[in-house]
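To start, the structure itself, in structure tokens.
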Amino acid sequence: MRLSEEILDFIASPVMIIVGTRDQANRPSIARAVGARAIDEEIVEVIVSAWQWPEAMDNLAANGQAAVTFARPADYVSYQLKGFAQLRAVDSSDLELSRRYRADIDALFGGLGLRPELVSSWLADRELTVARLHVREAYIQTPGPKAGTAADSPTARGAG
């Protein structure tokens, strides 16, 4: 699946990032990512603290199944990407991306009236790992009439 320029730009902006996984018995587990980037129109990388979210990282290592939701806190415009993820070690560019993301999302939530201590608990930077998602499906998840619509459908133009 090829992601639109709109979705690629959205992923690069300061948005909340939730990584949904499942174990072998289909029990869900989530992680909050602390940075994301699009490698190209079909591959997205998210940075996750394996220390904070060990169960989700174990699930990805075991089966690779992931659903990553990107949501803008100010208006809840949201997209969900589903596919197969592979884990890899972070490099210096990943660490810098995560540092910038954490600063940007902290400032964003501060502008929305949240105190830093309420946000910092899910912005761990210990044992960071990269999950490289090969996107198979993309959906609009913005609450409203388009929620659940495939992002590449003709009726899905504009998530809001």
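Computed from the coordinates by the stated procedures, all read-outs in this text should not be read as laboratory data. Please read all numbers here as calculations on a predicted model, not as lab measurements. For neighbour counting, all protein chains shown are included, and Cβ atoms are generated from backbone atoms with ideal geometry for every residue, glycine included.
A single entry from Leu112, Leu108 fulfils the requirement of being surrounded by 11 or more Cβ atoms within 10 Å (Cβ to Cβ) and over 16 Å from the mean Cα position of the chain (by Cα): Leu108. From the list Arg72, Arg37, Arg88, the lone residue that is of a type in the set (D, E, K, R), more than 19 Å from Thr149 (Cβ to Cβ) and either without any contact (Cβ under 8 Å) to a residue 12 or more places away in the chain or buried (at least 17 other Cβ atoms within 10 Å of the Cβ) (or both) is Arg37.
A count restricted to the stretch 13-36 and to residues that are in contact with a Leu (Cβ under 8 Å, 6 or more places away or on another chain) and assigned to a loop (DSSP other than H, G, I, E, B) stands at 1.
I need the full set of residues from the stretch 37-48 which are over 15 Å from Leu87 (Cα atoms) and outside any strand (DSSP E or B), in order please.
Residues of the stretch 37-48 over 15 Å from Leu87 (Cα atoms): 38, 40-42.
If the condition is that a residue be over 15 Å from Leu87 (Cα atoms) and outside any strand (DSSP E or B), then Asp40, Glu41, Glu42 are the ones that fit.
Of all the numbered requirements in (1) of a type outside the set (Gly, Ala, Ser); (2) in a helix (DSSP H, G or I); (3) over 17 Å from Trp122 (Cβ atoms), Asp75 misses one, and that requirement is (2). Only residues that are more than 22 Å from Ile7 (Cβ to Cβ), in a helix (DSSP H, G or I) and free of Cβ contacts under 8 Å to residues at least 12 places away in the same chain were counted in the stretch 91-106, giving 3. Within the span defined as the stretch 121-128, one or more residues are closer than 17 Å to Ile30 by Cα, part of a loop (DSSP other than H, G, I, E, B) and free of Cβ contacts under 8 Å to residues at least 60 places away in the same chain.
Sort out which residues of the stretch 49-72 are farther than 20 Å from Ser120 by Cα and part of a strand (DSSP E or B), and write them in order of number. Once the filter is applied, which keeps residues that are farther than 20 Å from Ser120 by Cα and part of a strand (DSSP E or B), the stretch 49-72 yields Gln65, Ala66, Ala67, Val68.
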